[in-house]
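**Student:** The structure follows.
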Amino acid sequence: MPVVTKKKAAAKKNVIKLKFDTNWSYAPAPESKSAASINSQYDLFINGGWQKPSSKKYFNTINPATEETLSEVADASETDVNKAVTAARNAYEKYWKKIPAKERGKYIFRIARMIQEKARELAIIETLDGGKPIRESRDFDVPTAANHFFYYAGWADKLEYAFPNRRTEPLGVAGQIIPWNFPLLMAAWKIAPALATGNTVVLKPAETTPLTALKLAEIIQESDLPPGVVNIITGAGATGAAMVNHPDINKIVFTGSTEVGKIIQRAIAGTNKKVTLELGGKAANIIFEDAPIDQAVEGVINGIYFNQGHVCCAGSRLYVQESIVKEVIRKLKDRIETLIVGDPLDKNTDIGAINSQQQLETIHKYLKLGKQEGAEMYESSCRLPSKGFWCRPTMFTNVAQSSRIAQEEIFGPVLSILTFRTDDEVIEKANNSPYGLSAGVWTDKGSKIFNMTKRMRAGVIWANTFNKFDPTSPFGGYKESGFGREGGLHGLSAYVNLIG
Ligand code: ADP
């Protein structure tokens, strides 16, 4: 029998019973649009200045959360691509390959600091143009973009330590084509290592999210980087294709769909161009029965729902060990119900707008397909705004390994849940995918982590966490997820010829 002392009895009397009222919501906390300035029209940033497109054509970029037009941007034709490549070539030959490496580093440091100074404005513009929650652009995209510039600025005058006993030579002009899911961050991933190694750049952002790259062009102009070292041009697939086919570009760096990646690979076959491709993914996120379940569930939510699943490395295939599947599904359902979907500028929002009407249609196609294939669909009961492009966080159970929702990239907040019994079975299932970009393992045992990560065919594998990035760490895939690495030392080697 426990002895109840007088003191303990008194304390017991004073216990306050907390009652949780589940019928409440956060008050809106919107970030202010007025802290960002967006021009009504943008030209092409070529040779250190703004040039009108030769076609005189412009296209609109809209806010996917409201469908309102934010600005119109120039549509670069082949002639404009030519101008940008000529500017980059001249800048390369005249000064960029000749200036001392530490001077290159100073410019890159300056750009990094200016991104930090304009962090709030950049985050707001990223959210307005792309639909992602401000929490994501403020806490992840913009600081990580600045960190990439800082990291590679540090390498600029230390390349002999990066590649001991070898001499490095820049490749020349790099043509960089980026997607719409991390516009500023992808630009940073690509521009920073190219500049640090002495290359010049022509960069094209995606047609639905050009605005932060154009803001970066303004920063680059203010930084006094010599004209032509970085050129930023806007346009859609035809502009990208003109870059890929340009004879005076030495290196193509592309992040985007596997479909376009294949077109690019065919286009450059037989030329001297080098290429790095970062393509699609269908990451397996694996939870073993010995894992800390609540932590794993939160990792799964973070891996697929935050940022609307618009992440190539999203944990879109969840493998759960059979003994814990009921518990995991129950907890996931509970957690999905609490996710806040809505105004991306609101600081409380977890899930923002889908990037475009076209992407929303793709997601709907897969939701229909999943049901037709016999999987059971569960979605949050949240209300969606009447304007804009929205998708509720959704999950499928009873998914077969062979079904299309387990094999193909959906690129939306849609999770496919599968089960397994043994290590060998889950390795076989996880590797049974045309992709191999990323994966996750949740277990209490370090030995199991090493065993799994050795046998899984994925470029990045997270253990007891998910979607963590750092400029020092390389990123890239196997199989149809592409080849070459960005980030870290590996990211430097993609932009140099090693001699000796
Ligand atoms: P997503 O499906 O993620 O939109 P895409 O591969 O279609 O990916 O687009 C990624 C980038 O590639 C965008 O900047 C887009 O304009 C560009 N792009 C599209 N088609 C081509 C092409 N044929 N050649 C070069 N770039 C292209």
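The values are calculated or read from the model by the stated rules, or taken from the named source; none is laboratory data. Just so you know, these numbers come straight off a predicted model, no measurement behind them. Ideal geometry is used to build each Cβ from the backbone, glycine not excepted, and the neighbour counts take in all protein chains shown. Quick note on the areas: whole protein, heavy atoms, side chains included, nothing else; ligands and nucleic acids left out. Shrake-Rupley method; radii C 1.70, N 1.55, O 1.52, S 1.80 Å.
**Student:** Name, by its number, the condition in (1) more than 12 Å from the ligand (Cβ to nearest atom); (2) assigned to a loop (DSSP other than H, G, I, E, B); (3) among the aliphatic types (A, V, I, L, M) that does not hold for Ile220.
**Tutor:** (2)
**Student:** On the given criteria, is Gly270 over 17 Å from the mean Cα position of the chain (by Cα) and modelled with pLDDT under 95?
**Tutor:** Details: over 17 Å from the mean Cα position of the chain (by Cα): yes; modelled with pLDDT under 95: yes.
Judged against the criteria, Gly270 is a match.
**Student:** Let me ask you something else. For region 207-233, enumerate the residues that are hydrophobic (A, V, I, L, M, F, W, C), over 23 Å from Gly130 (Cβ atoms) and surrounded by 24 or more Cβ atoms within 10 Å (Cβ to Cβ). Step through it out loud before you land on a result.
**Tutor:** Going through region 207-233, the residues hydrophobic (A, V, I, L, M, F, W, C) turn out to be 211, 213-214, 216-217, 219-220, 225, 229-230, 232-233.
Okay, now just the ones that are also over 23 Å from Gly130 (Cβ atoms), so 225, 229.
Across region 207-233, the qualifying residue is only Val229.
**Student:** Something else now. Of the residues Thr239, Thr234, which is within 10 Å of the ligand (Cβ to nearest atom) and in contact with a Pro (Cβ under 8 Å, 6 or more places away or on another chain)?
**Tutor:** Among Thr239, Thr234, only Thr234 is within 10 Å of the ligand (Cβ to nearest atom) and in contact with a Pro (Cβ under 8 Å, 6 or more places away or on another chain).
**Student:** Only residues that are more than 18 Å from Ala206 (Cα to Cα) and crowded, with 22+ Cβ neighbours inside 10 Å: list them for region 252-280, please.
**Tutor:** Within region 252-280, no residue meets the criteria.
**Student:** Tally the residues that are of a type outside the set (Lys, Arg), in contact with a Pro (Cβ under 9 Å, 6 or more places away or on another chain) and surrounded by fewer than 21 Cβ atoms within 10 Å (Cβ to Cβ), restricting the search to region 381-413.
**Tutor:** Qualifying residue count for the region: 3.
**Student:** Kindly establish whether Ala119 is more than 16 Å from the ligand (Cβ to nearest atom), open to solvent by less than 40 Å² (accessible area, probe 1.4 Å) and not assigned by TED's automatic domain parsing to the domain that holds Asp343.
**Tutor:** It is true that Ala119 is more than 16 Å from the ligand (Cβ to nearest atom), open to solvent by less than 40 Å² (accessible area, probe 1.4 Å) and not assigned by TED's automatic domain parsing to the domain that holds Asp343.
**Student:** Shifting gears a bit: Identify, please: which residue in region 447-500 is among the aromatic types (Phe, Trp, Tyr), assigned to a strand (DSSP E or B) and open to solvent by less than 60 Å² (accessible area, probe 1.4 Å) and is, among those, farthest from Lys158 (Cα to Cα)? Reasoning before the result, please.
**Tutor:** From region 447-500, those among the aromatic types (Phe, Trp, Tyr) are 450, 462, 466, 469, 475, 478, 483, 495; that's our starting set.
Retained after the next criterion (residues that are assigned to a strand (DSSP E or B)): 462, 475, 478, 483.
Checking the rest, the ones that are also open to solvent by less than 60 Å² (accessible area, probe 1.4 Å) come to 462, 475.
Details: Trp462: 29, Phe475: 21 Å.
Out of the qualifying residues, it is Trp462.
**Student:** Based on this model, can you work out whether Gly370 counts as at positive phi and surrounded by 18 or more Cβ atoms within 10 Å (Cβ to Cβ)?
**Tutor:** Working: at positive phi: no; surrounded by 18 or more Cβ atoms within 10 Å (Cβ to Cβ): yes.
In short, no.
**Student:** With a cut-off of at least 2 residues that are within 11 Å of the ligand (Cβ to nearest atom), name the strands (runs of 3 or more DSSP E) lying wholly within region 138-210. Give the steps one after another, and end with the answer.
**Tutor:** Numbers: elements: 167-170, 173-177, 200-204.
Fully inside region 138-210 and qualifying: 173-177, 200-204.
**Student:** Let me ask something additional. Of all the residues that make up region 56-84, how many are surrounded by fewer than 24 Cβ atoms within 10 Å (Cβ to Cβ) and closer than 24 Å to Thr200 by Cβ?
**Tutor:** Residues flagged as surrounded by fewer than 24 Cβ atoms within 10 Å (Cβ to Cβ) and closer than 24 Å to Thr200 by Cβ within region 56-84 amount to 6.
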